[in-house]
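What follows is one structure encoded as structure tokens, with my remarks underneath.
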Amino acid sequence: MDVSKSNALRLVNGRAHSSGSNTDSKKPSPSLRPIPADWVVVDMSDLCTLQRGFDITEATRAPGNVPVFSSSGLAYFHNSPKVSPPGVVTGRKGILGKVFFVEEPFWPHDTTLWVKDFKGNDPRYVALVLRDFGLERLDAATSVPTLNRNNLAGHYVAIPRTRAEQQTIAEVLSDADALIESLEQLLAKKRNIKQGVMQELLTGKRRLPGFERIKGLHHSSIGMVPRDWQVLPFIKIVDSYIDYRGRTPRKLGLAWGHGNILALSANNVQMGRIDPEREANYGSDELYRKWMLKGDCETGDVLLTMEAPLGNVAQIPGNGRYILSQRVLLIKPNSLVSRHFLANSMRGMAFQGQLVSSSTGSTAQGIQRSKLDQLPIAFPKDKQEQDAISSILTDMEAEILALEEKLVKVCYVKQGMMQELLTGRIRLINHQAA
């Protein structure tokens, strides 16, 4: 396999004017872009033929192992197929833009379009082109998103002339998809394992070696807990709250956008971490001095989003100053509970469930401070046990975060590969021989 930058690019204006392509002067592209000299430009309607899916109702469904694809993907199973593989399915109604490659006999639902004729092109490559094209932009409806298969006509794509090159491109990008899928599956497994470990460690159902100094359990307001653990209302383990909800820079005669101090709103506080890129606002030193009168955000302090969304828990990282902003409560625990243990406990299923059950609001859930104060927290009396539990959960979270970062990088690399390969800027075969 010869991987090289194409040295035979030509400019096309969106019209099909190469030998082997169909000519149509109805709707030229508004811009010029280079493509390889041995590629062809085709109307999307000549890339493949799309066909409306088949109706199936609750009454006509029967148990089986044939996948039924709706506009959102695999929906359920039936006892007979309508289409033989390979197949390509995309949404016709409801959800547009998703494209699925199917390698077994299947049933495309009435809410989908499926490729009836690949026009001699490689099926996997056709799926890639349709996915990259962005079919959702051809939405023909005003209320429910709808794709009319005839709307593809008049839109043009450049494709390799040979099926062999199409297959090579599809294989490389399919390998990237397989890597992404394996990382996603590993992430899901690691998250499930961590959730199980959290549930056991944060409730005392599983004790770490050397810390069970008093055997047995005792009754508490949240059920049975270890005899050497304590259960207290949230307010009893808090040294202080810092809360600036409802405050705006305008009230201080200032504005966002001046300075480099991140304002932590509920948009930035994600579960387990701070996201400085999500709808971020920044403030100046002057705003910080006038705003943060109740105290500074210190490394390790616990953050809780009180509404929209409710229940995200993170800690202040040790890399700078922050302004506390909308819908976020900062919690400084007292000497009974370590900050890391408190943050992990608040991310656990027990506390999150209490938050939801004590919340108010039909569209945007939120919790009042008075109700938060009364939520019970279970914790080991021994701070060393708290630290040992936190260390295990922190290591597991670090492993998950590293996998998440790797997944993001692989997705970016794959997206870059698609842009290079589907435009011919990088070739995977000896194109002169082809």
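Only the coordinates and a few stated rules stand behind these numbers; no lab work does. From a predicted model like this one, the values you see are computed outputs, not experimental measurements. Cβ atoms come from the backbone with ideal geometry, glycine included; neighbour counts cover every protein chain shown.
About the Cα centre of region 208-354, how large is the charge dipole given +1 on each Lys and Arg Cβ and -1 on each Asp and Glu Cβ? Please answer in debye to the nearest 20.
Approximately 260 debye in magnitude.
Could you please tell me the mean projected area of the C-alpha convex hull for region 233-303, averaged over all directions and given in square nanometres to one decimal? Mind showing how you got there, number by number?
Working: hull surface 22.6 nm².
Quarter of the Cα hull surface area: 5.6 nm².
Going through (1) 31.1, 100; (2) 20.8, 66; (3) 28.5, 85, the figure that equals Rg and Dmax of the Cα atoms in Å as computed for the structure here is (3). Residues whose amide H falls under 5 Å from that of Leu264, counting only those 5 or more places apart or on a different chain, are Ile323, Leu324, Ser325, with hydrogens built in the peptide plane.
For helix 383-421, what angle does its Cα long axis make with the longest principal axis of the chain, in degrees from 0 to 90 and rounded to 10? Relative to the chain, helix 383-421 is tipped by roughly 20 degrees. What net charge do the residues around Asn268 carry, taking every other residue with its C-beta under 9 Å from that of Asn268, with Lys and Arg at +1 and Asp and Glu at -1? Counting the neighbours of Asn268, the net charge comes to -2.
Below 8 Å, C-alpha to C-alpha, sequence gap of six or more: please give me the relative contact order for the chain in percent. Each step should come with its number before you reach the end.
Values: 803 pairs, mean separation 68.5, N = 434.
Reported relative contact order: 16 percent.
Dipole size in debye (nearest 20) for the chain around its Cα centre, Lys and Arg Cβ +1, Asp and Glu Cβ -1?
820
Can you give me the angle between helix 163-201 and the longest principal axis of the chain, using Cα atoms only, in degrees from 0 to 90, rounded to the nearest 10? For helix 163-201, the angle is close to 20 degrees. Each of the peptides 173-185, 100-112 was scored by the mean count of other Cβ atoms within 10 Å over its residues; in descending order, highest first, they stand as 100-112, 173-185.
Region 64-135 and region 247-309 have Cα centres spaced 46 Å apart. Each principal axis of the Cα cloud of region 142-282 was taken in turn, and the coordinate range along them, longest first, works out to 75, 53, 35 Å.
Run the helix sum for the chain: -39,500 (n - 2.57) per DSSP H stretch of 4+ residues, divided by residue count, reported at 222 nm to the nearest 500 deg cm²/dmol. It comes out at -9500 deg cm²/dmol, rounded to the nearest 500. Cα-Cα over 29 Å: which of Lys194/Lys406; Lys290/Lys409; Lys194/Lys409; Lys194/Lys381; Lys82/Lys119; Lys215/Lys236? The pairs that break the limit, which is 29 Å between Cα atoms, are Lys290/Lys409. For region 212-380, compute Rh as the Kirkwood radius over C-alpha pairs and then the Stokes-Einstein diffusion coefficient at 10 °C and 1.306 mPa s; write the answer in µm²/s, rounded to an integer. It comes out at roughly 94 µm²/s.
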